[in-house]
Amino acid sequence: MKHLILFSILFLGLFNCAPKNYDEPKNLIGKSDMVEILTELYIGQQGIQFFPNPNEDMNLNLAKNAVHIMKKHNVTYHDFSESYKYYTMHPESFNEMLNDVKQNLEDKLSKEEKERLKNQQQDLLKTK
């Protein structure tokens, strides 16, 4: 989750200085599809980073995974990139999308992981 938040802040900061009149791209990817793509990209990134193959280049694996996800959703990299730029130019909408990505990730947690997180949060509250 920390990476998702850092990723979001970085891109919001980068695009915050850009012009605010970025026009809607011709092949804008819908919000729900973007949420699904971003969720899958995040999960893939985490899997590759947590379980790296020492015989392979991590960046190449991340790129291959992104290509696979784009093909799965019938989206070109150009359309994804332009849609991503468009949504980041609309922070309220982008923030809603990121909240949906976060919810998707939380929904995908196993029962055991959810219980572990709940216990960690309770332990933190007890120490305060």
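For this structure, a couple of remarks:
- Point-to-point label distance, Thr76-Gln120, nm (Cα→Cβ direction, 7 Å offset): 4.1 nm
- Measure of compaction for segment 44-104 (Cα Rg per 2.2 N^0.38 Å): 1.33
- For segment 91-128 and segment 41-81, distance of Cα centres in Å: 23 Å
The numbers here are math on the coordinates, done by the rules we state, and not lab data. Computed from a prediction, not measured in an experiment: that's the story for all the values here. Here the Cβ is made from the backbone with ideal geometry for all residues, glycine too, and neighbour counts use every protein chain on show.
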